[in-house]
Amino acid sequence: MNNIIDRTIAFVQHTLANAESGHDWWHIQRVWNNTKLILQEEEADVLVCELTALLHDIADSKFHNGDETIGPRVAGEFLTQEGVDPTIVTHVQAIILNMSFKASLGVRTFHSKELEVVQDADRLDAIGAIGIARAFTYGGYKNREIYNPHIPVIENMDKESYKNTTAPTINHFYEKLLLLKDQMNTETAKRIATDRHVFMQQYLDQFYAEWQGVK
Ligand code: ADP
Ligand code: NI
């Protein structure tokens with residue numbers, strides 16, 4: 001294993017060995033693949049994008065009392081110890097800190113083309129068939145209802161409400177998943193997102209039909 005990508009893969013697989021399924025190695029692999037797919041059509045630094053895709057969920061603030069600096073810190077320590085150029089390390093850390101949906105609800109402090117690519121790659125994994133599976137897995141982990149027609153959707157949630165919501169999982173479609181298509185940064189990801197968006201809408205139509213005992 002002489003190349004930095006391979007060594008990063010080994011580190012991530014080892015670190016995420018017991019991760020919950022929404023952020024396990026397979027999520028990382030899908031985001032890495034999405035990143036490479038987007039890079040076929042978008043101009044950005046390939047090494048920075050791939051390293052960030054691999055390290056972006058290395059330590060999730062959700063499972064560390066909301067500490068949003070832990071991910072960038074762990075990623076930075078790893079890359080520095082591997083002898084990666086400090087400019088690249090700093091860039092990867094800045095992207096990880098700024099790319100999550102929660103961060104984007106707050107004030108955006110950093111921007112780069114590489115952030116756009118990896119953020120899109122991560123967002124693509126939150127929609128479509130995979131996105132639906134991840135949402136219900138997360139909801140189950142949090143012991144949420146799948147749906148409750150009496151609990152309305154809250155539109156335009158701020159960062160704190162988004163973090164603290166206990167609403168049913170179906171609400172999450174309206175609070176996040178169906179908004180992602182229009183939040184894609186790159187034209188390439190917008191195009192890929194379109195089909196996945198339509199699939200979620202079809203899923204919801206079918207869900208409500210079955211809920212009411214129709215069909
Ligand atoms: P990301 O890893 O994309 O930055 P999160 O950590 O917020 O996003 O969420 C991880 C996964 O869990 C995503 O697929 C997301 O849609 C899902 N998720 C997050 N919050 C909820 C929620 N309140 N209900 C259902 N699914 C959720
Ligand atoms: Ni992710």
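For the reader, a short list of remarks on this structure follows.
- Of all the numbered requirements in (1) away from ligand 2 (no atom under 15 Å from the Cβ); (2) assigned to a helix (DSSP H, G or I); (3) aliphatic (A, V, I, L, M), V12 misses one, and that requirement is (1).
- V89 vs. criteria of a type outside the set (D, E) and in contact with a His (Cβ under 6 Å, 6 or more places away or on another chain): no
- So A121, is it among the aliphatic types (A, V, I, L, M), within 16 Å of ligand 2 (Cβ to nearest atom) and under 16 Å from D57 (Cβ atoms): yes
- Residues of the stretch 1-24 satisfying the condition of being open to solvent by 30 Å² or more (accessible area, probe 1.4 Å), more than 13 Å from the chain's Cα centre (by Cα) and within 16 Å of ligand 1 (Cβ to nearest atom): T15, A19, E20
- Residue among V153, V117, V198 that is assigned to a helix (DSSP H, G or I) and either open to solvent by less than 60 Å² (accessible area, probe 1.4 Å) or on the phi > 0 side of the Ramachandran plot (or both): V117
- Some residue of the stretch 130-142 being open to solvent by less than 50 Å² (accessible area, probe 1.4 Å), within 13 Å of ligand 2 (Cβ to nearest atom), closer than 18 Å to F199 by Cα and not aromatic (F, W, Y): yes
- Residue, farthest from S100 (Cα to Cα), within the stretch 166-193, restricted to residues that are surrounded by fewer than 17 Cβ atoms within 10 Å (Cβ to Cβ) and among the polar types (S, T, N, Q): T166
- Hey, V92 crowded, with 20+ Cβ neighbours inside 10 Å, more than 15 Å from ligand 1 (Cβ to nearest atom) and among the β-branched types (V, I, T) or not: yes
The values are calculated or read from the model by the stated rules, or taken from the named source; none is laboratory data. Keep in mind the model is a prediction, meaning the values are calculated, not measured. Here Cβ is always computed from backbone atoms with ideal geometry, including for glycine, and neighbour counts include all displayed protein chains. These area figures cover heavy atoms from the full protein model, side chains too; ligands, DNA and RNA do not enter into them. Shrake-Rupley method; radii C 1.70, N 1.55, O 1.52, S 1.80 Å.
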